[in-house]
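None of the figures in this text is laboratory data; all of them are computed from the coordinates on show. Just so it is clear, the model here is predicted, and its values are computed rather than measured. Glycine also receives a Cβ, built like all others from the backbone with ideal geometry; neighbour counts cover every protein chain displayed.
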4 protein chains.
Amino acid sequence: MSGRRKWLNEVIFGTDTPAGKLFDVFLIWAILISVALVLLVSVQEIAVRYGELFFILEWIFTGLFTIEYLLRIYCSVNRRSYVFSFYGVVDLLAILPSYLALLLTGASTLLVVRLLRVLRIFRILKLVRYLRDANLLARSLWQSRRKIMIFYAGMLVLCVIFGAVMFVVEGPANGFTSIPKSIYWTIVTITTVGFGDITPHTVVGQAIASLAMLIGYSIIAVPTGIVTAELAGELGRDKSSYRCDNCSRAGHDSDAEYCKHCGYKLEQVE
Amino acid sequence: MSGRRKWLNEVIFGTDTPAGKLFDVFLIWAILISVALVLLVSVQEIAVRYGELFFILEWIFTGLFTIEYLLRIYCSVNRRSYVFSFYGVVDLLAILPSYLALLLTGASTLLVVRLLRVLRIFRILKLVRYLRDANLLARSLWQSRRKIMIFYAGMLVLCVIFGAVMFVVEGPANGFTSIPKSIYWTIVTITTVGFGDITPHTVVGQAIASLAMLIGYSIIAVPTGIVTAELAGELGRDKSSYRCDNCSRAGHDSDAEYCKHCGYKLEQVE
Amino acid sequence: MSGRRKWLNEVIFGTDTPAGKLFDVFLIWAILISVALVLLVSVQEIAVRYGELFFILEWIFTGLFTIEYLLRIYCSVNRRSYVFSFYGVVDLLAILPSYLALLLTGASTLLVVRLLRVLRIFRILKLVRYLRDANLLARSLWQSRRKIMIFYAGMLVLCVIFGAVMFVVEGPANGFTSIPKSIYWTIVTITTVGFGDITPHTVVGQAIASLAMLIGYSIIAVPTGIVTAELAGELGRDKSSYRCDNCSRAGHDSDAEYCKHCGYKLEQVE
Amino acid sequence: MSGRRKWLNEVIFGTDTPAGKLFDVFLIWAILISVALVLLVSVQEIAVRYGELFFILEWIFTGLFTIEYLLRIYCSVNRRSYVFSFYGVVDLLAILPSYLALLLTGASTLLVVRLLRVLRIFRILKLVRYLRDANLLARSLWQSRRKIMIFYAGMLVLCVIFGAVMFVVEGPANGFTSIPKSIYWTIVTITTVGFGDITPHTVVGQAIASLAMLIGYSIIAVPTGIVTAELAGELGRDKSSYRCDNCSRAGHDSDAEYCKHCGYKLEQVE
C-alpha cells in the first residue's frame, strides 16, 4: 500500500488524526444539508420557486459523494469487502438515483423521476457510520431479539383475532369494511396510537375496544421489561468484569480502589 | 402402539426428526396461507372477483386440516386427552366452521354464513403450538397475574369515577351521552389511545381530562414495573445455570460460596 | 362487648369465618350490581323504559347498604374511629345521595337530582376495602411519591412553556384560542394521547409539536424508571430480609435452605 | 459584608431561618398567581371584561419581582456571578417584558405587545429554584444523555426514511403533501400520539403505518430501559449511605467487607 493511499485511508476511514476528524465533520454536514435539500424540494412551493438552485446544489453534492465513494474504494485495504459491505452499498445508493435520473430523463414517466428524487433521502443512512456508540443499545436489542420476535408473533395472533371480532361486531357500516382494515384498526388501538379515523360505534364494539386498549396498555410492559432487564444486565457486565488479583472476585464498582472482598489494592477498574 | 402409529406420532407431534421438522414448516405455511385467504375474502372487491377460486382453496385447506386432525387423533398416545386439550379443541375449531357452513346453506341467513366464514380465522390459534419459547414471557406474566389483576381492579374504580364525573361535567350535549359511554371515553383517554371521537368541550372538562391523562401517563409505569421486576428475576434465575456438584441444583447467586440447597462448598459460580 | 356484637363484628369486619367470607362475597356482588344500575340508568332509553323497576331496585340496595352501615356502627370496637375513617365516610356516602334526593324532591332542580343520582357511583369506593393485596403496589407508589411529585412539577413547567409558545406560534385562528387551551393541547400531546381535536397547522407549530411528542415519548421513562426501581427494591426486600443465625447475613433467595455465605442451615425463609 | 446585607442574604437565598422559609413560600405563591394571571388574560372574554384589574395586578407583581431582583443583586456574595447565573437571567426575564411593553407602546404593533405579554409566562422558570430535590432524576437523565442522544439520532433516521416512503406511497392526494409533513406524521405515529389529522388511505400505506406503530410501540422500551437501569443504579448508590470509619466515604455494596476506597475493614454495612 502506497504512502498516499495509506494517508488517505487514515483520513477517510480513521477518526484519530486531525485531518480524519475534519473529514468526518465535513461529511456529516454534507449529508445533513443534502438530506435537507431533498426534504425541502418535496415542498411544492419551494420546488417551483427555487427549482434551479436546488438542481445545481443537488449535482454539487452528488459530485462530492461520488468523489468520496471513489476515494473510499481507492484507499480501502480490501476493496471487494468494502464495496459489498453495508456502508459500501449505502455509499453507492447515495449517488445512484441522481445518475439514474439523468439516464431516464427521456423515456421515463414522472413517477420514476419523483421516486428517484425521494430515494436520495437514503443518504441519511450514511450517518449510521457515526452512530458507533450505539452498540450497547444494539447489543441489548439484538440479545433480546428472540423474545421480541415471539412477542410480535403473539401480538399478531391477538390483532388478527381482535380484528376479525370487530369486523363481525361493527361491520362495514361503521368503517370496518374488511378484516385487513379491522386488523389495521386493532394495531392502531392496541399500540395506543388511536388516530380516530375509524372508531367503534356500537356498545359491544366499544366494550371490545376498551378491552383491546387495556391489553395494549399492559403488554407495552413486555418489550419494556425485556429490554430493561437486558440493558441492566449489559450495564452491570460493563462495570463488573474486572477481577481482583488476590481473590479473583469480580463485581467491583467502577470507582473502587480496593477489593471489597479481601481488601487488596485493585490495579485498574473501568 | 404399532410401528406406523409411532412413526406418525414422531412426525406429527415431534420436532426432532427431519420429517417432523418438514411437517411443522409445511403446517405453519398452510395455517398462514389459509388465514390470509380468510382475510382477503373479507374484502368486498376480492370476494366478488375471485369468489370461486377462494371457495376451492378454502376446501383444499379444510381437507388438509381435517386429515391432520384425524391423523393427530389416530397417532396420539392418549386420544381422549388430546381431543379435550387446548390444541385438540383449536384443531377441531379450525375445520368445524367450514362443515357447519355446508350444513346450514339451505336454511341459514347470510349473517350466520358470514360469521362462520370469519370464525375460520381462529385457525391462527394453531400457531400457538409453535410459540413454545414464549414460556419465559408467559411465566413472568403468570407470576405477576395477581398484581396485574389488582392493578386492573384499581383502574376500573378510577375509570368509573372519572366517567361519572365527566358525564356530569360535560353532559350529553358534548357527546358524553351516558355513563357507560363516559367510561369508554375515560379508558380511551387514560390508556393514552385518544381516538378523538369524543372530546371534552368545557374548560372544567378539559381540566379533568388533563388530570386523567397525566394519571394514565404515570400509572403505565405500574404494569411495566411489575413485569420488568419479574422478568429481571426470571432472567437472573436463568443466568446462574451453574449446578452444585453435590445436589446438582442450579440458581445460585454469583457471589454464593456454598450451595444454598445442601450447604456443599461450591467450586466456582459464574 | 356482648357475644352477639362480637359475632357480628367477626362476620362483618372479619374474613376468617365462613360467615364472614359469605358476607364479603354477598357485599361485593351488591356493590357491583348497584353500580351497574347507576351506569345503566344514565342511558336515556333504559331510563325511560325501565325507570320504575330501577327506582325499586335502587331503594332495595339503599336499604341493604343502610342496614350494613348501621350494623357496622353497632358492632365496631371503636365506633367513633370507624365513622370518621375512610371506609366509614365511604359507607355513608354510598347511602346519603338517595336520602338527599328524597328530601330535595320538592324544591330541587333537575340538575341536583341528576347529580345525586350520579354521586351514587361512589359506592364503587366500597370495593377499595377488598383491594387489601394492593399494598405492595401502593407502598412502591407511596415511597416514590416525592420523585413523582417533582416529575409532575417539572412537567407542569414544561407544559406551561410549550403551551405559551404554541399560543404565539399557532394563534386563535388554528384552534389555540387561549394559553390554558394551549396547555390542555400540550398535555394531550406530551402524554401521547393525541385526541386530534386541536392540531398544529403551521410548519413551525408542527416542528414544535414534534419536539413535544419526542420529549413526551422519552420522559415517560422517568415515572416508569422510578416505579420499576422502587418495585424491584420492594420485591428484593420481600425476599431477603431473613438473616442467617450463624453469620447473620441476609440476601438469601426464597428457596434457599442453607446460608450462601457460611453454609449454615437456614431456619425458615419466606 | 454588612450585617443587614448578610441578614437579607439569609432570608432571600437561604431556607434555614423561619424568615427565609416565609420568603420562599411567599415568592412561590407570587410566581404561581402571576403566571395564572398571564394564562387568564390570554382568554379573550376575561381580557375584555377584567382588563383593567389585570393591568393593575400585573404591575403590582412586576413591582414585587423588581424589588426581589434588586435585593438579590444587593445581597448576593458575588454579584456578577448571580447576574449571569441561570437564576439571575430568569429573574431578569421575569420583569423585562413588562418594562419593554411600556417602552414600545407607542411605536410597536399589536403582535409585539402580545408576544411580550406571553413572554411573562417564563416567570414560571423562577420555580425551578425550588425543584432542588430533582437532582436524582436530573443526574440519571444526565448520565444517560449520550445513550438518549444516540437513540434520538437513530429515531431521526428512522422517521426520515418512513416519512419519505409514506410520501411516495400515499402522495399529496391523501394529505402527505411534502416529505417534511410526512416526517411530522411519522413522528406523530411512532410516538403513539396519533392525532388523526393525517391518516393513510391506501392499503400499502396502512400496512407501513402498522409497521411504524409496532416499531414505535417497541422502541419506547429503549429510553425506558436506559433511564430505569440508570435510576436503579442511582438508587442503589443512594441506599448504601454507610461511611467507612477510616476514610468516611460511602457508596459501599451491601455485601462489602472492606472499604473499597482505602481497604479498611468495614464494621457493618446496611
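A:VAL43: net charge of surrounding residues, Cβ under 11 Å, Lys/Arg +1, Asp/Glu -1, itself excluded? Once all neighbours under 11 Å are counted, the net charge is +1. What the Cβ-Cβ distance of D:ILE28 and D:GLU52 gives, at R0 = 30 Å and to the nearest 0.05, is a FRET efficiency of 0.65. Taking 7 Å steps out from each Cα toward its Cβ at D:ALA173 and C:ARG145 produces label points 5.9 nm apart. Couplings 3J(HN,Hα) of the range C:212-217, computed from phi: 4, 5, 5, 5, x, 5 Hz, in residue order, whole Hz [Karplus 6.51 cos²θ - 1.76 cosθ + 1.60, θ = phi - 60°; x for Gly and Pro]. Across the cross-link table entries A:LYS147/C:LYS147; C:LYS147/D:LYS126; B:LYS181/C:LYS181, which are compared at the Cα atoms, the separations over 22 Å belong to A:LYS147/C:LYS147; B:LYS181/C:LYS181. FRET efficiency for the pair C:LEU103 and D:ASP16, taken as 1/(1 + (r/R0)^6) with r the Cβ-Cβ distance and R0 = 56 Å, rounds to 0.55. Counting only Cα atoms, the size of the range D:160-209 along its three principal axes is 22, 20, 18 Å, in decreasing order. Panel note: the C-alpha atoms of the range D:3-126, placed on their principal axes, show extents of 48, 27, 20 Å (largest first). From the alpha carbon centroid of the range A:27-104 to that of the range D:24-78 is 54 Å.
Shielding of peptide A:37-46 by partners, expressed as the average count of other chain Cβ atoms within 10 Å per residue Cβ, is 4. Taking θ as phi - 60° and the Karplus parameters 6.51, -1.76 and 1.60, the scalar couplings of the range B:194-206 work out to x, 4, x, 6, 10, 9, x, 10, 7, 5, 4, x, 5 Hz in sequence order, x denoting glycine and proline.
Taking a point 7 angstrom from the Cα of A:LEU131 along the C-beta vector, which residues in the range D:167-209 have backbone N less than 16 Å away? D:187, D:190-191, by backbone N distance to the label point.
Across peptide D:64-70, the average count of Cβ atoms from other chains found within 10 Å of a residue's Cβ is 0. Residues in the range C:7-15 carry Karplus couplings, in order, of 5, 4, 4, 5, 6, 7, 8, x, 10 Hz; the curve used is 6.51 cos²θ - 1.76 cosθ + 1.60 with θ = phi - 60°, and Gly or Pro positions show x. Summing charges over all other residues whose Cβ lies under 14 Å from the Cβ of D:PHE122, with Lys and Arg as +1 and Asp and Glu as -1, gives +4.
Among C:PHE167, D:PHE13, the order by Cβ neighbours within 10 angstrom, fewest to most, reads D:PHE13, C:PHE167.
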